[in-house]
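Heads up: the structure comes next, in C-alpha coordinates.
The values are calculated or read from the model by the stated rules, or taken from the named source; none is laboratory data. Not measured: the values here are computed from a predicted model. A quick note on method: Cβ atoms are made from the backbone with ideal geometry, for glycine too, and the neighbour counts reach across all protein chains shown. Surface accessibility is based on the protein's heavy atoms, side chains included, excluding ligands, DNA and RNA. Shrake-Rupley method; radii C 1.70, N 1.55, O 1.52, S 1.80 Å.
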2 protein chains.
Amino acid sequence: MTETTMTIREMCEAFEVTPRTLRFYESKELLAPIRQGQKRLFTKRDRARLKLILRGKRFGFSLEEIRQLLDLYYVGDQQHTQLKRTVEIARERLSDMERQRDELTTAIEELKEQLNWGEKMVAASQGEQKAAE
Amino acid sequence: MTETTMTIREMCEAFEVTPRTLRFYESKELLAPIRQGQKRLFTKRDRARLKLILRGKRFGFSLEEIRQLLDLYYVGDQQHTQLKRTVEIARERLSDMERQRDELTTAIEELKEQLNWGEKMVAASQGEQKAAE
DNA sequence: ACAGCAGTTGACGTGCACGTAAGCTCGACG
DNA sequence: CGTCGAGCTTACGTGCACGTCAACTGCTGT
(Lines give C-alpha, C1' and ligand atoms only; values in the text may rest on other atoms or scores of the structure.)
Protein backbone atom coordinates (compact mmCIF):
# COMPACT_ATOMS: atom_id res chain seq x y z
CA MET A 1 0.00 0.00 0.00
CA THR A 2 2.40 2.63 1.25
CA GLU A 3 5.17 1.24 -0.91
CA THR A 4 8.11 3.42 -1.73
CA THR A 5 7.45 3.54 -5.48
CA MET A 6 4.34 4.19 -7.55
CA THR A 7 3.36 3.41 -11.11
CA ILE A 8 2.43 6.15 -13.53
CA ARG A 9 -1.25 5.37 -13.11
CA GLU A 10 -1.10 5.63 -9.34
CA MET A 11 0.69 8.93 -9.61
CA CYS A 12 -1.95 10.25 -11.99
CA GLU A 13 -4.78 9.40 -9.65
CA ALA A 14 -2.96 10.69 -6.60
CA PHE A 15 -2.19 14.06 -8.16
CA GLU A 16 -4.95 14.38 -10.75
CA VAL A 17 -2.67 14.68 -13.75
CA THR A 18 -2.41 12.67 -16.96
CA PRO A 19 0.36 10.22 -17.89
CA ARG A 20 1.26 12.58 -20.67
CA THR A 21 1.92 15.31 -18.13
CA LEU A 22 4.26 13.13 -16.09
CA ARG A 23 6.22 12.08 -19.17
CA PHE A 24 6.34 15.68 -20.28
CA TYR A 25 7.74 16.76 -16.93
CA GLU A 26 10.34 14.04 -17.16
CA SER A 27 11.36 15.22 -20.61
CA LYS A 28 11.83 18.67 -19.11
CA GLU A 29 13.92 17.20 -16.30
CA LEU A 30 11.47 18.15 -13.60
CA LEU A 31 11.03 14.53 -12.60
CA ALA A 32 13.43 11.63 -12.82
CA PRO A 33 11.57 8.41 -12.08
CA ILE A 34 13.71 5.28 -11.99
CA ARG A 35 13.24 2.66 -14.69
CA GLN A 36 12.32 -0.95 -14.19
CA GLY A 37 12.95 -2.19 -17.67
CA GLN A 38 10.94 0.23 -19.70
CA LYS A 39 8.45 1.31 -17.08
CA ARG A 40 8.72 4.33 -14.85
CA LEU A 41 8.70 4.01 -11.09
CA PHE A 42 8.05 7.19 -9.14
CA THR A 43 9.80 7.54 -5.81
CA LYS A 44 9.00 9.59 -2.74
CA ARG A 45 11.34 12.23 -4.12
CA ASP A 46 9.31 12.40 -7.33
CA ARG A 47 6.12 12.80 -5.37
CA ALA A 48 7.56 15.65 -3.34
CA ARG A 49 8.82 17.31 -6.50
CA LEU A 50 5.51 16.92 -8.29
CA LYS A 51 3.73 18.51 -5.37
CA LEU A 52 6.03 21.50 -5.63
CA ILE A 53 5.65 21.62 -9.41
CA LEU A 54 1.88 21.79 -9.19
CA ARG A 55 2.02 24.43 -6.53
CA GLY A 56 4.49 26.46 -8.56
CA LYS A 57 2.16 26.29 -11.51
CA ARG A 58 -0.71 27.69 -9.49
CA PHE A 59 1.48 30.66 -8.69
CA GLY A 60 2.07 31.30 -12.36
CA PHE A 61 5.68 30.13 -12.51
CA SER A 62 6.78 28.58 -15.77
CA LEU A 63 8.09 25.03 -15.80
CA GLU A 64 11.56 26.38 -16.44
CA GLU A 65 11.35 28.63 -13.39
CA ILE A 66 10.06 25.74 -11.36
CA ARG A 67 13.00 23.64 -12.48
CA GLN A 68 15.33 26.32 -11.11
CA LEU A 69 13.47 26.32 -7.81
CA LEU A 70 13.56 22.55 -7.54
CA ASP A 71 17.31 22.70 -7.78
CA LEU A 72 17.25 24.60 -4.51
CA TYR A 73 14.99 22.13 -2.79
CA TYR A 74 17.13 19.23 -3.89
CA VAL A 75 20.71 20.34 -3.80
CA GLY A 76 22.92 17.97 -1.85
CA ASP A 77 25.61 17.43 -4.48
CA GLN A 78 26.07 20.88 -5.91
CA GLN A 79 29.33 22.74 -6.04
CA HIS A 80 29.79 25.95 -4.14
CA THR A 81 29.44 28.29 -7.13
CA GLN A 82 26.39 26.52 -8.40
CA LEU A 83 24.80 26.53 -4.97
CA LYS A 84 25.51 30.23 -4.53
CA ARG A 85 23.84 31.02 -7.84
CA THR A 86 20.86 28.90 -6.92
CA VAL A 87 20.52 30.71 -3.62
CA GLU A 88 20.52 34.02 -5.48
CA ILE A 89 17.80 32.85 -7.83
CA ALA A 90 15.76 31.67 -4.89
CA ARG A 91 16.12 35.02 -3.17
CA GLU A 92 14.75 36.74 -6.27
CA ARG A 93 11.87 34.29 -6.46
CA LEU A 94 11.19 34.84 -2.81
CA SER A 95 10.74 38.59 -3.25
CA ASP A 96 8.64 37.87 -6.34
CA MET A 97 6.42 35.72 -4.20
CA GLU A 98 6.22 38.24 -1.39
CA ARG A 99 5.29 41.00 -3.83
CA GLN A 100 2.74 38.70 -5.36
CA ARG A 101 1.24 37.95 -1.98
CA ASP A 102 1.03 41.63 -1.07
CA GLU A 103 -0.68 42.42 -4.35
CA LEU A 104 -3.00 39.51 -3.84
CA THR A 105 -3.90 40.79 -0.38
CA THR A 106 -4.72 44.20 -1.82
CA ALA A 107 -6.77 42.68 -4.60
CA ILE A 108 -8.68 40.58 -2.08
CA GLU A 109 -9.52 43.67 -0.07
CA GLU A 110 -10.72 45.49 -3.17
CA LEU A 111 -12.76 42.57 -4.37
CA LYS A 112 -14.35 42.28 -0.94
CA GLU A 113 -15.44 45.91 -1.07
CA GLN A 114 -16.89 45.41 -4.53
CA LEU A 115 -18.70 42.36 -3.27
CA ASN A 116 -20.26 44.26 -0.39
CA TRP A 117 -21.41 46.89 -2.85
CA GLY A 118 -22.73 44.25 -5.23
CA GLU A 119 -24.59 42.45 -2.48
CA LYS A 120 -26.21 45.68 -1.37
CA MET A 121 -27.37 46.25 -4.93
CA VAL A 122 -28.83 42.77 -5.11
CA ALA A 123 -30.64 43.30 -1.84
CA ALA A 124 -31.91 46.72 -2.93
CA SER A 125 -33.36 45.37 -6.15
CA GLN A 126 -35.31 42.62 -4.41
CA GLY A 127 -38.90 42.59 -5.66
CA GLU A 128 -38.49 45.61 -7.89
CA GLN A 129 -37.58 44.27 -11.28
CA LYS A 130 -37.42 47.70 -12.88
CA ALA A 131 -35.26 49.75 -10.61
CA ALA A 132 -33.03 50.79 -13.47
CA GLU A 133 -33.22 54.36 -14.82
CA MET B 1 -0.97 66.42 -19.61
CA THR B 2 -3.56 64.85 -17.39
CA GLU B 3 -6.09 64.76 -20.21
CA THR B 4 -8.97 62.37 -19.99
CA THR B 5 -7.92 60.27 -22.97
CA MET B 6 -4.63 58.72 -24.06
CA THR B 7 -3.29 57.47 -27.37
CA ILE B 8 -2.20 53.90 -27.78
CA ARG B 9 1.44 54.93 -27.55
CA GLU B 10 0.93 56.75 -24.28
CA MET B 11 -0.89 53.75 -22.86
CA CYS B 12 1.95 51.46 -23.87
CA GLU B 13 4.54 53.57 -22.12
CA ALA B 14 2.41 54.07 -19.04
CA PHE B 15 1.74 50.35 -18.59
CA GLU B 16 4.74 48.79 -20.32
CA VAL B 17 2.76 46.81 -22.84
CA THR B 18 2.84 46.72 -26.65
CA PRO B 19 0.21 48.15 -29.01
CA ARG B 20 -0.43 44.62 -30.12
CA THR B 21 -1.39 43.69 -26.58
CA LEU B 22 -3.87 46.55 -26.26
CA ARG B 23 -5.51 45.67 -29.59
CA PHE B 24 -5.58 42.05 -28.56
CA TYR B 25 -7.33 42.92 -25.32
CA GLU B 26 -9.83 44.99 -27.23
CA SER B 27 -10.53 42.07 -29.57
CA LYS B 28 -11.21 39.98 -26.47
CA GLU B 29 -13.55 42.68 -25.15
CA LEU B 30 -11.41 43.44 -22.13
CA LEU B 31 -10.98 47.03 -23.25
CA ALA B 32 -13.30 49.25 -25.25
CA PRO B 33 -11.45 52.43 -26.22
CA ILE B 34 -13.52 55.01 -28.08
CA ARG B 35 -12.74 55.73 -31.71
CA GLN B 36 -11.83 59.07 -33.19
CA GLY B 37 -12.10 58.15 -36.81
CA GLN B 38 -9.94 55.10 -36.96
CA LYS B 39 -7.72 55.76 -33.96
CA ARG B 40 -8.24 54.46 -30.47
CA LEU B 41 -8.61 56.79 -27.52
CA PHE B 42 -8.23 55.21 -24.10
CA THR B 43 -10.28 56.66 -21.28
CA LYS B 44 -9.82 56.64 -17.54
CA ARG B 45 -12.08 53.60 -17.48
CA ASP B 46 -9.77 51.76 -19.87
CA ARG B 47 -6.78 52.61 -17.71
CA ALA B 48 -8.49 51.29 -14.60
CA ARG B 49 -9.45 48.12 -16.43
CA LEU B 50 -5.97 47.58 -17.83
CA LYS B 51 -4.52 47.91 -14.36
CA LEU B 52 -6.86 45.19 -13.16
CA ILE B 53 -6.11 43.03 -16.20
CA LEU B 54 -2.38 43.15 -15.59
CA ARG B 55 -2.86 42.37 -11.93
CA GLY B 56 -5.16 39.49 -12.76
CA LYS B 57 -2.52 38.08 -15.08
CA ARG B 58 0.09 38.11 -12.34
CA PHE B 59 -2.27 36.01 -10.26
CA GLY B 60 -2.48 33.44 -13.00
CA PHE B 61 -6.02 34.19 -14.14
CA SER B 62 -6.73 33.67 -17.82
CA LEU B 63 -7.95 36.59 -19.89
CA GLU B 64 -11.36 34.97 -20.01
CA GLU B 65 -11.51 34.74 -16.23
CA ILE B 66 -10.37 38.33 -15.99
CA ARG B 67 -13.17 39.36 -18.33
CA GLN B 68 -15.65 37.77 -15.93
CA LEU B 69 -14.14 39.65 -13.03
CA LEU B 70 -14.19 42.97 -14.87
CA ASP B 71 -17.91 42.55 -15.32
CA LEU B 72 -18.20 42.79 -11.58
CA TYR B 73 -16.05 45.87 -11.30
CA TYR B 74 -18.04 47.61 -13.99
CA VAL B 75 -21.65 46.64 -13.59
CA GLY B 76 -23.90 49.70 -13.34
CA ASP B 77 -26.57 48.65 -15.82
CA GLN B 78 -27.03 44.98 -15.07
CA GLN B 79 -30.32 43.36 -14.30
CA HIS B 80 -30.94 41.77 -10.96
CA THR B 81 -30.45 38.17 -12.10
CA GLN B 82 -27.30 38.97 -13.97
CA LEU B 83 -25.89 40.91 -11.05
CA LYS B 84 -26.67 38.08 -8.68
CA ARG B 85 -24.82 35.62 -10.88
CA THR B 86 -21.87 37.96 -11.14
CA VAL B 87 -21.74 38.30 -7.37
CA GLU B 88 -21.66 34.52 -7.10
CA ILE B 89 -18.78 34.24 -9.54
CA ALA B 90 -16.92 36.90 -7.63
CA ARG B 91 -17.45 35.04 -4.37
CA GLU B 92 -15.91 31.94 -5.91
CA ARG B 93 -12.98 33.92 -7.26
CA LEU B 94 -12.54 35.50 -3.87
CA SER B 95 -12.15 32.17 -2.12
CA ASP B 96 -9.84 31.06 -4.93
CA MET B 97 -7.71 34.08 -4.23
CA GLU B 98 -7.75 33.57 -0.48
CA ARG B 99 -6.74 29.94 -0.89
CA GLN B 100 -4.02 31.01 -3.27
CA ARG B 101 -2.77 33.60 -0.80
CA ASP B 102 -2.66 31.05 2.02
CA GLU B 103 -0.76 28.59 -0.14
CA LEU B 104 1.58 31.33 -1.17
CA THR B 105 2.21 32.24 2.45
CA THR B 106 3.06 28.62 3.23
CA ALA B 107 5.32 28.36 0.22
CA ILE B 108 7.10 31.55 1.24
CA GLU B 109 7.77 30.12 4.68
CA GLU B 110 9.11 26.90 3.22
CA LEU B 111 11.30 28.69 0.74
CA LYS B 112 12.68 30.90 3.51
CA GLU B 113 13.69 27.83 5.49
CA GLN B 114 15.35 26.32 2.44
CA LEU B 115 17.16 29.58 1.88
CA ASN B 116 18.50 29.66 5.40
CA TRP B 117 19.75 26.13 4.94
CA GLY B 118 21.24 26.98 1.54
CA GLU B 119 22.99 30.04 2.91
CA LYS B 120 24.48 28.01 5.73
CA MET B 121 25.81 25.55 3.15
CA VAL B 122 27.33 28.34 1.13
CA ALA B 123 28.99 29.74 4.23
CA ALA B 124 30.20 26.33 5.30
CA SER B 125 31.83 25.62 1.94
CA GLN B 126 33.81 28.85 1.95
CA GLY B 127 37.45 28.18 1.09
CA GLU B 128 37.03 24.43 0.84
CA GLN B 129 36.30 23.65 -2.78
CA LYS B 130 36.26 19.91 -2.27
CA ALA B 131 34.02 19.33 0.69
CA ALA B 132 31.87 16.89 -1.21
CA GLU B 133 32.54 13.20 -0.54
C1' DA C 1 -0.69 -19.55 -27.53
C1' DC C 2 -3.08 -15.54 -27.48
C1' DA C 3 -6.09 -11.70 -26.09
C1' DG C 4 -6.07 -7.84 -23.12
C1' DC C 5 -4.23 -4.17 -20.82
C1' DA C 6 -0.79 -1.01 -18.83
C1' DG C 7 2.91 1.37 -20.37
C1' DT C 8 6.21 3.22 -23.87
C1' DT C 9 8.00 6.26 -27.65
C1' DG C 10 7.56 9.44 -31.44
C1' DA C 11 5.02 12.77 -33.99
C1' DC C 12 1.56 15.84 -34.86
C1' DG C 13 -2.44 18.79 -33.05
C1' DT C 14 -4.40 22.40 -29.86
C1' DG C 15 -5.47 26.65 -27.08
C1' DC C 16 -3.68 30.68 -25.20
C1' DA C 17 -1.29 35.03 -25.41
C1' DC C 18 0.65 37.44 -27.86
C1' DG C 19 4.86 38.68 -31.87
C1' DT C 20 5.79 40.03 -36.46
C1' DA C 21 5.52 41.40 -41.12
C1' DA C 22 2.69 43.35 -45.06
C1' DG C 23 0.03 46.70 -46.78
C1' DC C 24 -3.45 50.49 -46.12
C1' DT C 25 -5.03 55.29 -44.24
C1' DC C 26 -4.68 59.79 -42.58
C1' DG C 27 -3.21 64.23 -40.77
C1' DA C 28 0.95 67.11 -40.29
C1' DC C 29 4.97 69.29 -42.25
C1' DG C 30 8.65 71.08 -45.36
C1' DC D 1 2.82 67.70 -53.65
C1' DG D 2 5.18 64.11 -51.72
C1' DT D 3 6.52 61.62 -47.74
C1' DC D 4 6.82 60.68 -43.09
C1' DG D 5 5.31 58.80 -38.91
C1' DA D 6 1.57 57.03 -36.04
C1' DG D 7 -1.93 54.01 -36.21
C1' DC D 8 -4.93 50.63 -38.47
C1' DT D 9 -6.32 45.77 -40.21
C1' DT D 10 -5.33 41.13 -41.80
C1' DA D 11 -2.93 37.21 -41.40
C1' DC D 12 0.51 34.09 -40.44
C1' DG D 13 4.26 32.73 -36.87
C1' DT D 14 5.84 31.50 -32.04
C1' DG D 15 6.58 29.43 -27.30
C1' DC D 16 4.50 26.97 -23.75
C1' DA D 17 1.97 23.20 -21.80
C1' DC D 18 0.14 19.79 -22.72
C1' DG D 19 -3.70 16.47 -25.73
C1' DT D 20 -4.26 12.94 -29.10
C1' DC D 21 -3.22 9.21 -32.01
C1' DA D 22 -0.47 5.45 -33.93
C1' DA D 23 2.43 1.75 -33.43
C1' DC D 24 5.07 -0.93 -30.45
C1' DT D 25 6.52 -3.88 -25.94
C1' DG D 26 5.94 -6.71 -22.09
C1' DC D 27 3.46 -9.02 -18.51
C1' DT D 28 -0.95 -11.58 -17.01
C1' DG D 29 -4.53 -14.47 -16.91
C1' DT D 30 -7.09 -18.23 -19.37
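Could you state how much accessible area is buried at the A-B interface, both sides summed, with a 1.4 Å probe, in Å² to the nearest 100?
Values: alone 10570 and 10620 Å², together 17260 Å².
The A and B chains share an interface burying roughly 3900 Å².
If you take every residue apart from A:D96 with its C-beta less than 12 Å away from the C-beta of A:D96, what net charge results, scoring Lys and Arg +1 and Asp and Glu -1? Each step should come with its number before you reach the end.
Details: positive: A:R91, A:R93, A:R99, A:R101, B:R58; negative: A:E65, A:E92, A:E98, A:D102, A:E103.
Combined, the nearby Lys, Arg, Asp and Glu give 0.
How long is the gain from B:E65 to B:A48 if the chain were fully straight, where each residue apart is worth 0.36 nm and the alpha carbon distance is subtracted? Intermediate values should be presented prior to the final figure.
On the way: separation 17, 0.36 × 17 = 6.12 nm, distance 1.69 nm.
Value of the extension gain: 4.4 nm.
Please report Rg (one decimal) and Dmax (integer) in Å for the Cα set of the protein assembly as shown.
24.1, 79
Give the calculated FRET efficiency between B:E110 and A:R35 to the nearest 0.05, with a Förster radius of 30 Å applied to their Cβ-Cβ distance. Kindly include the intermediate steps, with their values, before the conclusion.
Working: r = 30 Å, r/R0 = 1.00.
That gives a FRET efficiency of 0.50.
In the range A:46-69, which residues give up 20 Å² or more of accessible area once the other protein chains are added, compared with their chain alone (1.4 Å probe)?
So the qualifying set is A:R55, A:R58, A:F59.
Using a Förster radius of 51 Å, what is the FRET efficiency between A:A123 and A:R58 based on their Cβ-Cβ separation? Nearest 0.05, please. Before the final figure, lay out the partial values.
Working: r = 34 Å, r/R0 = 0.67.
With a Förster radius of 51 Å, E is 0.90.
Return one quarter of the surface area of the convex hull spanned by the alpha-carbon atoms of the range B:1-61, equal to its mean projected area, in nm².
Values: hull surface 16.7 nm².
Orientation-averaged projected area of the Cα hull: 4.2 nm².
Given the options A:D71, A:D102, A:D46, state which has the largest fluctuation in a GNM of chain A using a 10 Å cut-off (strictly under) for Cα springs.
A:D102
Please report Rg (one decimal) and Dmax (integer) in Å for the Cα set of chain A.
22.5, 73
Normalising by the residue count of chain A, find the relative contact order in percent from Cα pairs under 8 Å and 6+ residues apart. Spell out each step's value before the answer.
Values: 70 pairs, mean separation 19.4, N = 133.
The value is 15 percent.
Give me the accessible area per residue for the protein assembly as shown, probe 1.4 Å, as a whole number in Å². Before the final figure, lay out each step's value.
Details: 17260 Å² over 266 residues.
Each residue of the protein assembly as shown exposes 65 Å² on average to a 1.4 Å probe.
Across bins of 10 angstrom width beginning at 0, how are the C-alpha pair distances of the range B:75-120 distributed, in whole percent?
Calculated over all Cα pairs of the range B:75-120, the distribution is 24, 25, 19, 15, 11, 5, 0 percent.
Counting helices only, and only those DSSP H runs with n ≥ 4, report the 222 nm mean residue ellipticity of chain A as the sum of -39,500 (n - 2.57) divided by its residues, in deg cm²/dmol to the nearest 500. Could the numbers behind the result be given before it?
On the way: 5 runs with 88 residues, N = 133.
Calculated mean residue ellipticity at 222 nm is -22500 deg cm²/dmol.
Rounded to a whole number, what % of the accessible area of the protein assembly as shown do carbon and sulfur atoms account for, probe 1.4 Å? It would help to have the intermediate numbers written out before the result.
Working: 8240 of 17260 Å².
Looking at the protein assembly as shown in its full context, I get 48 percent from C and S.
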